[in-house]
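Down below is the structure, laid out as structure tokens.
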Amino acid sequence: MTTVEILYRYTTPPTESATFALAGARDVYGIRRIAIDTGKRTLRVEFDATRLNAASVTKLVRMTGLEIAEELPLIAPPQPTPAA
């Protein structure tokens with residue numbers, strides 16, 4: 001098993017039906033964990049890459065009704081060093 005995470009930023013808060021659909025998405029074979037951070041408006045999905053790929057996970061999330069704005073990098077880019 002190869003565990004992979006994807007981080008999405010969503011535009012509008014999830015509706016009640018989208019929240020229930022996201023909870024149901026955890027039952028999909030290969031989805032390991034789904035976490036919503038309402039303060040940052042992000043959704044983190046952990047999945048088994050031997051069962052699913054990033055495109056299928058994105059499609060699954062969009063099918064719940066959650067409006068995804070973008071996929072975010074999990075590692076922040078390095079900060080530029082100030083010139084001496």
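The values are calculated or read from the model by the stated rules, or taken from the named source; none is laboratory data. All values reported here derive from a predicted model rather than from experimental measurement. Heads up, the Cβs are rebuilt from the backbone with ideal geometry, glycines too, and the neighbour counts pull from every protein chain shown.
See the values below:
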read-out: Tabulated pairs, the range 2-18, first touching a residue at least 24 places away in the same chain (Cβ under 8 Å) and under 17 Å from LYS40 (Cα atoms), second part of a loop (DSSP other than H, G, I, E, B) and polar (S, T, N, Q), C-beta under 8 angstrom, 6+ apart or interchain; value: PRO13/THR38; PRO14/THR64
read-out: Selection count where residues are within 14 Å of ASP27 (Cβ to Cβ) and either modelled with pLDDT under 95 or not in a helix (DSSP H, G or I) (or both), scope the range 49-62; value: 2
read-out: Qualifying position, being more than 26 Å from THR2 (Cα to Cα) and touching a strand residue (DSSP E or B) at 6+ places or on another chain (Cβ under 7 Å), among ARG26, ARG41, ARG33; value: ARG41
read-out: Search result, residues across the range 58-84 that are surrounded by 12 or more Cβ atoms within 10 Å (Cβ to Cβ) and without any contact (Cβ under 8 Å) to a residue 40 or more places away in the chain; value: LEU60, ARG62
